[in-house]
1. Applying the selection to the range 286-298, what residues are among the small types (G, A, S) and open to solvent by 10 Å² or more (accessible area, probe 1.4 Å)?
2. Given the residues R252, R261, which is the only one that is part of a helix (DSSP H, G or I), open to solvent by 10 Å² or more (accessible area, probe 1.4 Å) and touching a Gly at 6+ places or on another chain (Cβ under 9 Å)?
3. Before we move on, is R172 among the charged types (D, E, K, R), within 13 Å of the ligand (Cβ to nearest atom) and not in a strand (DSSP E or B)?
4. Checking R72 against (1) within 16 Å of the ligand (Cβ to nearest atom); (2) open to solvent by less than 40 Å² (accessible area, probe 1.4 Å): exactly one of these is not met. Which one?
5. Answer with yes or no whether Q196 is within 16 Å of the ligand (Cβ to nearest atom) and in contact (Cβ under 8 Å) with a residue 60 or more places away in the chain.
6. Is there a residue being under 17 Å from the mean Cα position of the chain (by Cα), buried (at least 16 other Cβ atoms within 10 Å of the Cβ) and under 15 Å from A312 (Cα atoms) anywhere in the range 92-105?
7. Among the numbered criteria (1) open to solvent by 10 Å² or more (accessible area, probe 1.4 Å); (2) within 15 Å of the chain's Cα centre (by Cα); (3) within 15 Å of D216 (Cβ to Cβ), which single criterion is violated by M301?
8. Report, by residue number, each residue of the range 119-159 that is touching a residue at least 12 places away in the same chain (Cβ under 8 Å) and part of a loop (DSSP other than H, G, I, E, B).
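The values are calculated or read from the model by the stated rules, or taken from the named source; none is laboratory data. None of these values were measured; they are calculated from a predicted model. For neighbour counting, all protein chains shown are included, and Cβ atoms are generated from backbone atoms with ideal geometry for every residue, glycine included. All accessible areas refer to the heavy atoms of the entire protein, side chains included, with ligands and DNA or RNA removed. Shrake-Rupley method; radii C 1.70, N 1.55, O 1.52, S 1.80 Å.
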Amino acid sequence: MSKLDTILAKPRPDADDLAVLLGAHVPAEQARLLAAAYAVKVREVGAVVYFRGLFELSNLCSKDCLYCGIRRSNQNVERYTVPVEEILSGARWAWEQGYGSVVLQSGERSDPAFVDLITELVTKIRALSHDQLAITLSQGEQSEATYRTWFEAGAERYLLRIETSDPDFYRRLHPADHSWERRRDCLRLLDSIGYQLGSGVMIGLPGQTVEQLARDILFFEQEKVVMIGMGPFIPHADTPLRDGIRNFAWKRHAQLTLALRMIAVTRLYLQDVNIAAATALQTLAPNGREQGLAAGANVIMPNLTDPKYRTAYQLYDGKPCLDESATQCRGCLEGRIASLGETIGFGQRGDSHRFQRSKDKLRFGQGE
Ligand code: SAH
């Protein structure tokens, strides 16, 4: 038996198997890896895809991450904040469609007006959906008081990618005043407050190794991450990390397949978490997100931001569906999901099984 097949025959890979699996790029081996991950997904969380309606509510940002298109020092972006009423009508639409959850994402700000805006949105979305829509926030690093305020207003899930679990590598991707330790501490705060904790990394960053990606997966487990949102790095022309662009065309396939292996290996190791098939996958292949589902992901985040704002929320070049409305996005997605033989979990919240199980353990006094 090959090394890969020996690992795949285990009930669950060991920590030091992860890098081997991530490196399995030979097509026949990769196909076996993805199929094994798909089987674990069906066993652990079912052949059901959960939709989370995504609202990119503002691109104003106080951070200056070297890879990101909406970084503070990019002068080529028109800055916007979507009016409250527009978000609320979008959220109402999502609720009427049977979406279990919406995600509010934006650049990072921590001024009182912004904190109040998010509190207002959370309160009103909960009210209009009679507490049925679960709300995921993704507003970056905030104070404990702010996280608590939003949690008490009714947000239950939070997505904060660690970007990379390697502190030295993080420092190479961010200006000196950004802190990996602070970001990690934010994850711990969010977990202690009671949020379902989401995190993730970018895959295929310049200089990143499969050993680092393997440690990222161990980091998710250590930090009690129960929702994973990760996607391929895609260079943006107006950022310091634009250098990769010249050679990117021939790298697209490698970026896509590495991201698919990362999803698969995360599924094999963490088993009962929720994993999103990131929009960035679709930038690399028209059916990239469906390929993500086939590799073990079980969540898709249809973009419900009004198309008039989308060109200004370009985190990376070539973001897909820039001119599609929410309904068109839904139509094209549903057909493709049905063709995979999966169903869509309409009318269900789709909480992370891993989160539920850890809560049950605490409740029944079997906490580790
Ligand atoms: N301000 C929020 C949301 C950030 S944008 C926060 O800090 O959490 C969401 C994610 O987009 C980031 O966490 C990052 O992982 C991803 N992203 C940014 N630039 C990217 C790029 N060039 N390629 C791929 N993903 C990118």
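1. A294, the sole residue that qualifies.
2. R261
3. Taking the combined requirement at face value, the residue does not satisfy it.
4. Answer for R72: the failing condition is (2).
5. Yes; evaluated as a whole, the condition is true for this residue.
6. For the range 92-105, residues under 17 Å from the mean Cα position of the chain (by Cα), buried (at least 16 other Cβ atoms within 10 Å of the Cβ) and under 15 Å from A312 (Cα atoms): present.
7. Answer for M301: the failing condition is (3).
8. Listed by number, the residues that qualify are S129, D131, Q132, L133, Q139, G140, E141, Q142, S143, G154, A155, E156.
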